[in-house]
Amino acid sequence: MIDDAEYTGGLIELYDSTMSFIKNNTKKGWRKDNDKRVELPDYPERALEEGLVNALIHRSYLQTGAHSQVDIYDDRIVITNPGGMFDGSEVQLLDIRHVPSKLRNPILADVFWKNAAYGATR
């Protein structure tokens, strides 16, 4: 393990701290382009944002002591959180082309949507 961190606080603080952790612990390439250096991160920032936001707003907050987790490996990033499918079904038994979208925590989804709309999480 190269680095380890644990964060506490409000959801927006958790998001910001975790995104900083990911950016600091993933590789970046670069290329020269018309007299400037262009950074080429391993993972698209928008994909990381989406995965982290989904973990925070869709997790089950009823499980005491459970937490969302980000593991960075040489070849992948794994974002996990407690809780299964919202309706109790097993994801392995579903046709992934026809999984209905349901919000476990609609208020949290609204908070992140409003913060993204106002640029607070960007």
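Bear in mind that the values in this text are calculations on the coordinates, not laboratory data. Being a predicted model, the structure only gives us computed values, none of them experimental. All Cβ positions, glycine included, derive from the backbone under ideal geometry; neighbour counts span all protein chains shown.
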Counting Lys +1, Arg +1, Asp -1, Glu -1, what net charge surrounds PHE112 among other residues with beta carbon under 11 Å of its beta carbon? -2
Please give the net charge around SER17, taking every other residue with its beta carbon less than 12 angstrom from that of SER17, where Lys and Arg add +1 and Asp and Glu add -1. -2
Using a 10 angstrom cutoff on alpha carbons, build the Gaussian network for the chain and name the most mobile of GLY51, GLY83, GLY29. GLY29
The range 58-122 and the range 1-24 have their Cα centres apart by a whole-number Å value of 16
Once every DSSP H run of n ≥ 4 in the chain is given -39500 (n - 2.57) and the sum is divided by its residues, what mean residue ellipticity at 222 nm do you get, rounded to the nearest 500 deg cm²/dmol? -10500 deg cm²/dmol
Please list, or write none, the aspartates and glutamates whose alpha carbon is within less than 18 Å of the alpha carbon of LYS102, excluding same-chain residues fewer than 8 places away. GLU50, ASP87, GLU90, ASP110
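Counting other C-beta atoms within 10 Å, which of SER89, SER17, SER101 has the fewest, and how do the rest follow? Show your work: numbers first, answer last.
Values: SER89 11, SER17 15, SER101 5.
By the 10 Å Cβ count, ascending: SER101, SER89, SER17.
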If unit charges are put on Cβ atoms (+1 for Lys and Arg, -1 for Asp and Glu) and the dipole of the chain is taken about its Cα centre, the option from ASN105, GLY29, GLY10 lying farthest towards the positive end turns out to be GLY29
Sorted from largest down, give the three principal axis spans of the alpha carbons of the chain, whole angstrom values. 53, 32, 32
Specify the residue with the greatest mean-square fluctuation among ALA109, ALA55, ALA47, computed from a Gaussian network of the chain linking alpha-carbon atoms under 10 Å apart. ALA47
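If we count other beta carbons within 10 Å of each Cβ, what is the order of HIS67, HIS98, fewest first? All intermediate terms of the calculation are to be shown ahead of the outcome.
Values: HIS67 13, HIS98 6.
The fewest-first ordering by Cβ neighbours comes to HIS98, HIS67.
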